[in-house]
1. How big is segment 143-187 on each of its three principal axes, counting only the C-alpha atoms and giving the largest first in Å?
2. Show which aspartates and glutamates lie in cross-link reach of K283 when reach means a straight Cα distance below 17 angstrom and same-chain residues fewer than eight apart are skipped.
3. For segment 111-126, just list the computed ³J(HN,Hα) in residue order, Karplus coefficients 6.51, -1.76 and 1.60, θ = phi - 60°, integers in Hz, with x standing in for Gly and Pro.
4. Please compute the Kirkwood hydrodynamic radius over segment 285-435, one decimal place, Å, based on all pairs of different Cα atoms.
5. At a 10 Å Cβ-Cβ cut-off, how would you order S303, S193, S276, fewest neighbours first?
6. Against the longest alpha carbon principal axis of the chain, how many degrees, from 0 to 90 and to the nearest 10, is the axis of helix 34-58 turned?
7. Which of the aspartates and glutamates could a cross-linker bridge to K111, judged by Cα under 14 Å and excluding same-chain residues fewer than eight apart?
8. Checking the cross-link filter: which lysines have an alpha carbon closer than 27 Å to that of K362, excluding same-chain neighbours under 8 positions apart?
Amino acid sequence: MMNSYKRTFVIISILLSAALSGTSVFSQENQTDPVQQSADTLNAKIEKVQSDLNFLKKLKISGYVQAQWQWADSNGIGSAFSGGPFPPNTNNRFMVRRGYVKLTYSGKLSKFVVQIDATEKGVRLKDAYVNLKDPWMEMFTIQAGVFNRPFGFEVGYSSSKRESPERARITQSLFPQERDLGVMLTIQPNKESGFHFFRLNAALVNGNGIALDTDSKKDFIGQLGINKSTSNDKFRYAVGVSYYNGGVFQDTKYIYNMFTYDDGSTKGFMVDSTASNLGEYAKREYFGVDAQLSLDWDIGVTSLRGEYLWGSQPGVAKLNISPAGRIIPLIGVSDTYNRSFNGAYVYLIQNILHSRHEIVIKYDFLDPNTKVKGREIIAETTVNDKTIQTSLGIGDIRYSTWGFGYNVGILSNLKLMVFYEFVMNEETAISGYSNDVEDDVFTLRAQFKF
């Protein structure tokens, strides 16, 4: 009987053990394998890292800082064309001329750019635009936001690459801040095409630079250019033509146009005070041609570039520059002065024996009012025994500048610039400008680029 119980107990124990063993196996089959789980986690992390790397490859952070010391001929020179006017009672200064930080995100057919300028004067927006290329021919590009005006060469030539401290006076006068807010269409055949050297830009912009729009009128800018080189890149050349058509809002009814008086020789402004002038637009029209040549030969790379501009520019009494450069809060509401202008610049850059050293010679001029010159520029005169107020002034004086410089790349991302500008105004009959004003400027600049 006892043996029967034992046999029964053993059988039950075996069955229970088998049942428990089956349950354990079944349970393991429904649980995740620890090794497999670790592999899946690792793969997920790798995919996340790969995704982050792909994003970072498309995102580029760049910029540069230009720290400089300047010396001027005399205290408090008022020129805005050498980095801004000098403070009163000061003929030398330290300053951060530019402190740019640029973020660029580049996709296959798109680009997004934001750039700021941080200096001792504050932080300002420089660029903020989106760039989209057509996916079929990759020949048409639409760009919208704040970007360089597509006119000539110097406007869009980066300040980090430029061989002189500042752009020419003519460029700064017509295109202060270089940028504007608007939309642009670019037509350029893709790199595989035999016509990639051809480029056409057409833009509609506010016309006020990087500032809020103040009127309903939009300005048109057109640019056509070619850029070619020999098969070994020893010789490069580029030529272009540009056109600007826009207007400047007339704040008052008083519009001044150039006029020749009865004696046939005296010139000055004649005011038109028709009531309907208020709220209309003064004609703003520029023409430009530019060319660049580069030759790589035994003595180094020789570069020659130049640009000539002319047209009509609505200004104010003392300034003949575009709206964004007028410092409107200081001037306030102002009458309109219509002037014909011309100007140009020429650079000669000689690299020394393919080294990091180069010398620069630059000449530029701006004649803001081509209808008068020299001693013809007088504020008050007598015609037929009558005293005439000509309304001519410092906004009508021609300037020319000779610049001589030396640049050296100390490191791959560090450049030193030494530059002296001889600034010459024409001798006029305006008080303070009967002789050349002492306003030459010397600049010593260090640029760090990243």
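1. Taking max minus min along each principal axis of the Cα atoms, segment 143-187 gives 30, 20, 16 Å.
2. Filter leaves D215, D219, D251, D272, D335.
3. 8, 10, 10, 9, 9, 10, 10, 10, 9, 5, 8, x, 10, 10, 6, 10
4. Hydrodynamic radius (Kirkwood, Cα pairs) of segment 285-435 is 18.3 Å.
5. Starting with the residue having the fewest Cβ neighbours, the order is S276, S193, S303.
6. 10 degrees
7. Partners found: D127, D134, E138.
8. Within the straight-line limit of under 27 Å, K362 reaches these lysines: K126, K161, K228, K234, K318, K371, K373, K415, K449.
Coordinate-derived values only; no laboratory data. Because the structure is a prediction, the values reported are computed rather than measured. Methodologically, a virtual Cβ is constructed for each residue, glycine included, from the backbone with ideal geometry; neighbour enumeration extends over all protein chains shown.
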